[in-house]
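Encoded as structure tokens, the structure appears first; notes follow it.
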Amino acid sequence: MATNSIKLLTGNSHPDLAKLVADRLGIEQSQILSLQDSNHEISLTIGESVRDEDVFVLQSTRPGNVNDDLMELLIMIRACKDASARRITAVIPSYPYARQDKKDRSRAPITAKLVARMLEMAGVNHVITMDLHASQIQGFFNIPVDNLYAEPTSLTWIREHVNLDQAVIVSPDAGGVKRATSIAGRLDLPFAVIHKERTRPNEISRMTLTGEVSGKTAILIDDMADTCGTLCTAAEMLAEHGTTQVVSVVTHGILSGDAIKKLNACTALSRVVVTNTVPLLGKDAMCDKIALIDISPTLAEACRRTHNGESVSYLFSNAPPS
Amino acid sequence: MRRVKIFSGSSHPFLVEAICERLGASKAKVDLKKFSNGETSVSIETSIRDQDVFVVQSGSSNINDSIMELLILISACKSGSAKSITAVMPYFPYSRQSKKKSHRGAITASLVANLLSVAGIHHAITVDLHAPPTQGFFGKPVDNLHAEPLIARWIKTHVKGWQEAVVVSKNPGGTKRVTSLADALKLNFGLVTTARRRTAPHGSLENSMFLSGLNSSNHSLENTDTSPPNGTVTDGPRSPHRHPQRSPPQANGIGPTSVPYRHLNNNRELGSSPLTQSTRLESGSPPTTRLPPYNEPVTNGYAGALGLDEEKAEDEDDSGDEYTDERARDVITGRLIHGHIVDDDAPSPIPSTMSNSIATLPGEVMGHPQTDGLDPMTSSFMSTTSAFQPDHGLGGSVHDAAGQSDDEEAGFKNPELEHTITLVGNVRGKIVFIIDDLIDQCGSWIAAAETVVKRGDARKVYCIATHGIFGDDSLEQMEACDCIDHIVVTNTYPIAAERVKASRKLVILDVSNLLSEAIRRNHYGESISALFQHYLD
């Protein structure tokens, strides 16, 4: 007999987040055994029946293990499908390969689309994700996708921790202007933008700043911090233009490569605020500038609403009380 | 070749170079790298518009990265307007997960096949799929090439006295593969099979060892102890599995006579050893006439079991029957503890049969010891699992065994489990080829090799497989095993150069010829059936 409650499965990518979501929902995580061979082939078994259940599979991606985690997610979904689950919802707080979303050079693969089709092929019925790098990725799917925003939760943090009298919202690149203006509007703050010229991925060269920042606290808004090259250069540039301090608020703290080294070396940047969509894997202990925002209430609420057939749109502009 | 591009994934560049060299082509330019967050990046640096594209990717120690790289490469070729895209996978990843092994396990091989289709392949080429039905998972044509002709030719040219060798399968499911090679080389075949030992408390010499023969003086003995494996069996590979479960009654029959093992074995050798005769001469005779007349009294009390056996035997195809007539019953068993053959009087590792039967259940591994306080659902789960187990072992088809052989490996690692290992067929003084499709973990290989050497008195042991995956330090362990003389694999799967250098036993056969020919024929639209045939030399 189906229990008619949420079945929450999770892989090895982000057990902490899964625990938070499960606690928030007041449920136990479903038993799952996932093993890796010596050559990293994953073999997994779901430890309890999911027949005719509403299954939510939560999987983030560990920086450096993206492919393993993606395969694990696909295999979990497939295992649920093979085990006759009624509906399978993939909860992917940080969508993998989100930056490969267009044919930006000859014969480039649109890997974000490939991932979307792979998920569908594995048997997913619904996707819940957060702060997609490009919202168009939703269109790569032929199934419903809920793209949640960390913005309401981030706003709460900004209101609590930053003096808003003398603050300015800054977008470190032209692509993020929309995200930054939205926050600036909600906080009723002025806005500035840094334009950067990118030559190769993960490397940046020239930058120009538009907007008034001197004497203010700059709040850098972006969707992800990967190698942190952008953030650090932007922060230094803002400092040169006379900001009193620079705080960075990003959703996905991937922090790969020598990101931690760069952050520690960058004196201009006083805080880096990331959410827990991506596991930090102990990096916060190596850098005291990192602060963590918990977005599990939003994810849990989205799961609950999806399960009960309620509207999710409330979550786009409001953070559930923590 | 014109209008063909061969792309190489990063997993096995040497194989691709060999393929390209044989085709007189060069690898198409592609830039493969990983972003610092672990995402794979592919950039194709040559035009592929309206060309036949072949993407070669094997496995590696990071198999998921290899898969993603292959998928992204295919996707990039598709968006680059290639005419056709063929995935060439010498080793098909996740091929061992071709069925629901456990409750709610995933059929990952099917998932991978679907992912390839989604990425945009038109055709797939692979070598020796673990379970040939995997071909059906693709909606696209699949060429499953065989390395067997290559292996057969190697044996013929490199093994002195191969005509007198015996081909041995290390699990019942691999029998098809083994009989096929035995057919090709016109050799006899044998079988090693393990069963978890269920009667640990009284597991001593009497019931752990069992020998029989058709011809010799212990003939009468068999009749009195009504042992099913000898008389009733029309189906050799299955019989050993019944054996351990029925051992207690047999023990009483044999116990008193208690002939030392070697002695018995010698006795039988003095008579005309059945396996030294050529089995092929009589292969045309119908199955019913193969039942020796003396069997009839034996069936008393086992009528049901016999009927079942015969029924099942009918289902087997001819090639199976051919080898499983009355000659294949030199049955030798041994005890296996910690993956090694032990003396018959060695102490049993644990006295409790209860923990024996549940030790490998998934539930327990997950940290929920399910010995007490079972809820109704769990116990039904358990009972079906354990009831399923013996049947599972009896299954004879290739894909059934896929799971079983893996379970065996898990069992070997469990120090609490004792296995009964059974050798069917006479290997005394002979060269033995132990054959399977892949070598990953080495437990079952070492156990089989020790069995044929220590129990069966084989002269020399070759471990032969198509895919040398060699997980963990299995190559080193096999290297250290005295019972294994040579390890023969093909280069479908990359093996680290330093491991190859360190191993004196390892022989690597080159499949690049096979793959390049398959690529060439596919491009020109020629038949590839010739690649399945054995070399005439």
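We did not get these values from a lab; they are worked out from the coordinates using the rules stated. None of the values given here were measured: they were computed from a predicted structure. Neighbour counts are summed over all protein chains in view; Cβ atoms, including those assigned to glycine, are modelled from backbone coordinates with ideal geometry.
Computed over every Cα-Cα pair of segment B:483-537 and binned at 5 Å starting from 0, the pair-distance distribution P(r) comes out as 4, 15, 19, 18, 14, 12, 10, 6, 1, 0 percent.
In this structure, the amide hydrogen of A:A167, modeled 1.01 Å from its nitrogen in the peptide plane, lies closer than 5 angstrom to those of A:T217, counting only residues at least 5 positions away or on a different chain. With a threshold of 22 Å on the Cα-Cα distance, the over-threshold entries among A:K81/B:K33; B:K156/B:K501; A:K103/A:K283; B:K33/B:K99; A:K103/B:K33; A:K113/B:K34 are A:K81/B:K33; B:K156/B:K501; A:K103/A:K283; B:K33/B:K99.
When the Cα positions of A:V272, A:G185, A:H195 are compared along the charge dipole of segment A:148-302, A:H195 comes out farthest toward the positive end, with charges on each C-beta of Lys, Arg, Asp and Glu.
Taking beta carbons within 10 Å but only from partner chains, what does the mean come to for residues B:39-52?
4
Each Lys and Arg Cβ is given +1 and each Asp and Glu Cβ -1; about its Cα centre, segment B:68-174 then shows a dipole of about 260 debye. Between segment A:66-101 and segment A:279-322, the alpha-carbon centres lie 19 Å apart. Springs join every pair of Cα atoms under 10 Å in this Gaussian network model of chain A, and among A:N276, A:N12, A:N163 the largest mean-square fluctuation is at A:N163. Once each of the GluC sites (Glu not before Pro) sitting in a DSSP loop with at most 16 other beta-carbon atoms within 10 Å is removed, chain A keeps A:29-202 as its longest stretch.
Legend: distances between Cα atoms for A:K7/B:K101; B:K101/B:K454; B:K29/B:K83; A:K178/A:K216; pairs beyond 25 Å are B:K101/B:K454. Extension gain for B:R521-B:A480 works out to 10.5 nm (0.36 nm per residue, less the C-alpha to C-alpha distance).
Report for segment A:200-299 the percent antiparallel among DSSP-assigned beta bridges with both residues inside it, nearest 5. That works out to approximately 5 percent antiparallel. A simple charge model with +1 on the Cβ of Lys and Arg, -1 on the Cβ of Asp and Glu and nothing else charged puts the dipole of segment A:184-322 at about 120 debye relative to its Cα centre. Here segment A:1-152 is assigned +1 on the Cβ of each Lys and Arg and -1 on the Cβ of each Asp and Glu. Its dipole about the Cα centre then comes out at about 600 debye.
Residue-wise HN-Hα couplings along segment B:166-181, as the Karplus relation 6.51 cos²θ - 1.76 cosθ + 1.60 with θ = phi - 60° gives them from phi, are 10, 8, 10, 8, 8, 8, x, x, x, 4, 4, 4, 5, 5, 4, 5 Hz; Gly and Pro carry x.
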